[in-house]
Every structure is written in structure tokens, then in C-alpha cells.
Amino acid sequence: MRAFTYERAKDASAAARAVTANPAAKFIAGGTNLLDLMKIEVETPTHLVDVQDLGFDKIEATREGGLRIGALVTNTNLAAEERVRRDYGVLTRAIVAGASGQLRNKASTAGNLLQRTRCPYFYDTNMACNKRKPGSGCAAIGGYSRQLGVIGVSDSCIATFPGDMAVAMRVLDAVVETVDATGQRRSIPIADFHRLWGDKPEQDTVLKQGELITAVTLPKPLGGKHFYEKVRDRASYAYALVSVAAVIQPDGTGRVAFGGVAPRPWRVEAADALLPRGAAAVTARAFQGATPTKDNAFKLPLATRALASVLAEAKA
Amino acid sequence: MPETSELELSRRGVLTAGAATAALVAAPVSAAPMAIAPSPPTPAMQVRFKVNGERRELSLDPRTTLLDALREHLHLTGTKKGCDHGQCGACTVMVDGVRINSCLSLAVMHEGDEITTIEGLGTPDKLHPMQAAFVKHDGYQCGYCTPGQICSAVAVLDEIKRGVPSHVQGDLTAKPTATNVEMRERMSGNICRCGAYSNIAEAMAEVAGAKA
């Protein structure tokens, strides 16, 4: 691990100012992803600003009938919250499908959104990686790409966003709330939060340096049946090859987003409208323009089958 | 800080000498392009927390993980370093009542926290019920993952009792129960390369049953 200095911030604007002032500074909350990457020197911050005392650890009802989830609420506490289990089951299901009990106890809501890709070439500092070292090339293209992206990827990067929680939040139309060093607040729809790589794969999200996530809000509950179907190489504690987050209404309409396939949770609203026509119609639309590799082309039929399984269960 | 034993010193000396030799031999191959300037020294930071009920104060490089603070500075070597990346669970300890991977947490982030390690659960004379059940059911072979397994197992039964949901739960609004499937899912962050899983699950079932 490279050397760094450490401070424990007392308020949000001071934290944002400290990270804005130093381009090599980072916020740290749970630290489960950041420290992992610092140990292998994929991340090399020179200063860490610990945000654990900022008080963003509550889940509150909003005036609109939804929920406001503090950025520091742990994955375990968010999944276990009674209103989430009852009204936003897809979110609880997605969270408990990810990581391990130990990691969920430490990982924060904001940190989960900001976790970095698990592309093996991003992790290996001997390999070319445009995301880790802009302009160095992409060893994943033409390399071992079984786990990597099939849509929304670019000529410079084919990594995926690896998380589960955000896929459910995409189905729920969550909004990410932030504050910056000047006290300016922003509400970013989750649909716009994670970037498509384009020619700047080093930027995972639309956040500016020093912009701090304070909360994630959920609109009022959708009703319907909630599903998170995750297909992976092990029964537990493994990243998704493909995952399906869905809320299906009694009349067969609903919403669906896919994980493990793209730089962001992948949802195409025009495909949602095809849910009453079955899984194949939905995925044909949602994955229109997909550019899979030979290694990961299996993800396309797998997405259709995973969704078909969800729709069959919704009818049962 | 307690004094380092002679044995440890000499072992470290050998390791350092070995590394230096290897570096010399490797130098012509891996020379200039891979060279990274050494990090400038970082001032040590003070941290105070409670470990197994006892107040401890340490002066640490900010890079020190909670795991290394426990093992290398407090000499509580029951907690093990397996992968050092949160994948194996050998480093599992409880912080303020919940289990975490101590390898993925900085010690300086635990100011004021209460930490429980395997040494705080029971003693050789007075085993924690989970420790006794692991012995009875042969829940280990080499034993390296065992402290992490036991800390995790104790925490898992508490999580089930507190109603923390899991991936294998059918009805999310129902209270989970300590079934074999539940315990296996919740223990997936603890790897045992000897494969003692079925006996670990039996040990946990006995403790869960005794509690119920």
C-alpha cells in the first residue's frame, strides 16, 4: 500500500473541501473495495478523508411517500430495514445476493454505488488497462472476457459495473443526492449516475472530484411482485454473470434491469413495455446493438432465460 | 508495545535477507520500468479502542489494517491472515457486535470501537459454546480458518436472531430460522480449504438448538 495521510471529517462540507483541494485525495466509508484496491496499488490516494462521523446513517420516510437512505447506511442495515423488506423487496433481494455477511456489515450504500469493476485486467497492474491507466490500452479486448460486458461497452473498455444493489435501485428509479465543496446540492437519477465508458473509462460516474454522496432516495413503492434473479458460478459470494431485477404487476406489466452485462445497471424503458409479451421480446429490445465477445456471448441467451424464470415465477 | 521475541526477530531477519538476495538476482530483469519511488514516511497516528474488554492505545502507520494491529502490534495472533483481501474470512472479528473482515479495515478508523476476537470469546479452560461445539463435531482439520469460522458462526446465529435477512429466505417479511441452508448461505464468506463445512454446520446447529 502506498503511504497516505488520514483525517476524520467532522462535517460534510469540510470533507468535500478536503477532497476537492487534493486531486489525489479520496473519501473512505466502509473501505471494503478501496482498501482492497490500495493493497495492490490500483488505487493510490495520498490522502483519505473518513466520512463515518457525518451522520448519514439513517433511513427516513420522504414527504413523497418514499424513503431517503443515508449514504453511510450499511448494506446489511438497508437490506434488513422493515420498510425496505416490505415495500422494496427487490432491493433487499439484490443486496443479500451480493458479497458476504462480513462485507455487507461494513460496506456503505454510497460505497456500493462507487465500487469499481472486477475486470481481471483492471486488477492486474502488469496489464494494459485504460480504466486504471488512461491511454495504456485494453488487455481485456481479445483477452479472457467471459465475465465482461456485452452492451454499452466501447473500444477502450469492456468492463462491467459489478454490483447488485444498484441494479435494484435502477428498477426503482432511485435518485443519488450529493453535496460539493461550495455547498451546492445535486440530485442525480440513478439512470445517469454511472457513465458508459466511451473514450474515458477512467471515469466510472458523473461525480466531480470532491462531490460527496449524502443519500439515495427511493420514490413511493411500486407494489407488484419483486424479484432479483442472480446467475453466478457459485451459489453464494460470487459476482453475477447475469442478474435480473424486476418488479412485475398482476397484469403482467412491470420494470426490469440487468446486472453483470454493462458499465451500468442496464435498463431500457422501451423494453419494459414489452414485458407482457414475454422474456424473448424484452431482451431482444434491451440488448439491441449488443457487442458480445466469443467468451461472453452466452450472457445474451442467459439473460433471456433468467428473465423467463422470473416471469414464470411472477405468474405462479 | 510488548517486546518482540528473539524467535520472531531471527525469523524476520532470515526473511529479510532472503528477500534482499532475491531482489539482487532479479534486478537485471525487472529493473528500471517497474521502479516505483518509495513512499515518503507518514507520521504515526494514535488510536484507542477496546479489544476483548481491555482498553488499548496504539501509535500506528495509517496504513495498518485492523488485522495487522491485532496480530503484529497487540500480538493477538488468534485472528488469522489468509487472503488479506476479504475473500476468505480468516480475519473475521466482531466490531461493535457485528462481524467484519479485519483485513479490509484501517485500524485508525476504529477509534473508540469495541472489538472482539477469538481470544475474547472463550479461553482454553472456559470455551465459548461455539468453540466447544467445533471441538465436539470436528469442525476443522488444519485449523487455520477456524478462529474466523467461529467468530462468524457466533455472529451468524446472532444475525438470525435479530432477523437479518438472507439470500435463501423465501418470505422477506418473515423471521429467519437457523436451518442448515440458512447457515450455509450466511457462512459463505468463510472459506475452509480442508472442507470441514458439514461439521461446521453441525456445530452451529447444536449451538442454535441449545439456544432455541
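The values are calculated or read from the model by the stated rules, or taken from the named source; none is laboratory data. Computed from a prediction, not measured in an experiment: that's the story for all the values here. Here Cβ is always computed from backbone atoms with ideal geometry, including for glycine, and neighbour counts include all displayed protein chains.
Okay, here's what the table says:
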quantity: Hey, residue B:153 closer than 15 Å to residue B:209 by Cα and more than 14 Å from chain A (Cβ to nearest Cβ) or not; calculated: no
quantity: Unmet requirement for residue A:80, which otherwise passes all of (1) over 18 Å from residue A:57 (Cα atoms); (2) of a type outside the set (D, E, K, R); (3) over 12 Å from the mean Cα position of the chain (by Cα); calculated: (1)
quantity: Strands (runs of 3 or more DSSP E) contained in the stretch B:77-184 and holding at least 1 residues closer than 24 Å to residue A:50 by Cα and in contact with an Asp or Glu (Cβ under 7 Å, 6 or more places away or on another chain); calculated: B:92-95, B:114-116
quantity: Among residues of the stretch B:30-76, those that are at pLDDT below 95, away from chain A (no Cβ under 14 Å) and in a loop (DSSP other than H, G, I, E, B), counted; calculated: 1
quantity: Qualifying positions in the stretch B:155-172 - more than 17 Å from residue B:99 (Cβ to Cβ) and either among the hydrophobic types (A, V, I, L, M, F, W, C) or under 22 Å from the mean Cα position of the chain (by Cα) (or both); calculated: B:168, B:172
quantity: Among residues of the stretch A:188-221, those that are of a type in the set (A, V, I, L, M, F, W, C) and either free of Cβ contacts under 8 Å to residues at least 60 places away in the same chain or within 21 Å of residue A:20 (Cβ to Cβ) (or both), counted; calculated: 7
quantity: Residue satisfying all of: in the stretch B:166-188; touching a helix residue (DSSP H, G or I) at 6+ places or on another chain (Cβ under 7 Å) and closer than 12 Å to residue B:204 by Cβ; surrounded by the fewest Cβ atoms within 10 Å (Cβ to Cβ) among these; calculated: B:180
quantity: Among (1) more than 19 Å from the chain's Cα centre (by Cα); (2) away from chain B (no Cβ under 11 Å); (3) not hydrophobic (A, V, I, L, M, F, W, C) - the single one residue A:86 does not satisfy; calculated: (2)
quantity: Tally of residues being over 29 Å from residue B:187 (Cβ atoms), part of a loop (DSSP other than H, G, I, E, B) and basic (Lys, Arg) across the stretch A:209-257; calculated: 1
quantity: Qualifying residues in the stretch A:89-127 (those that are more than 10 Å from chain B (Cβ to nearest Cβ) and charged (D, E, K, R)) - the one surrounded by the most Cβ atoms within 10 Å (Cβ to Cβ); calculated: A:116
quantity: Identity of the residue in the stretch A:14-71, among the small types (Gly, Ala, Ser), buried (at least 16 other Cβ atoms within 10 Å of the Cβ) and more than 9 Å from every other protein chain (Cβ to nearest Cβ), that ends up farthest from residue B:42 (Cα to Cα); calculated: A:66
quantity: The stretch A:275-313 - residue that is of a type in the set (Val, Ile, Thr) and part of a loop (DSSP other than H, G, I, E, B) and, of those, farthest from residue A:247 (Cα to Cα); calculated: A:293
quantity: In the stretch B:156-165, residue surrounded by the most Cβ atoms within 10 Å (Cβ to Cβ) [restricted to those that are at the interface with chain A (Cβ under 8 Å from one of its Cβ atoms) and among the hydrophobic types (A, V, I, L, M, F, W, C)]; calculated: B:156
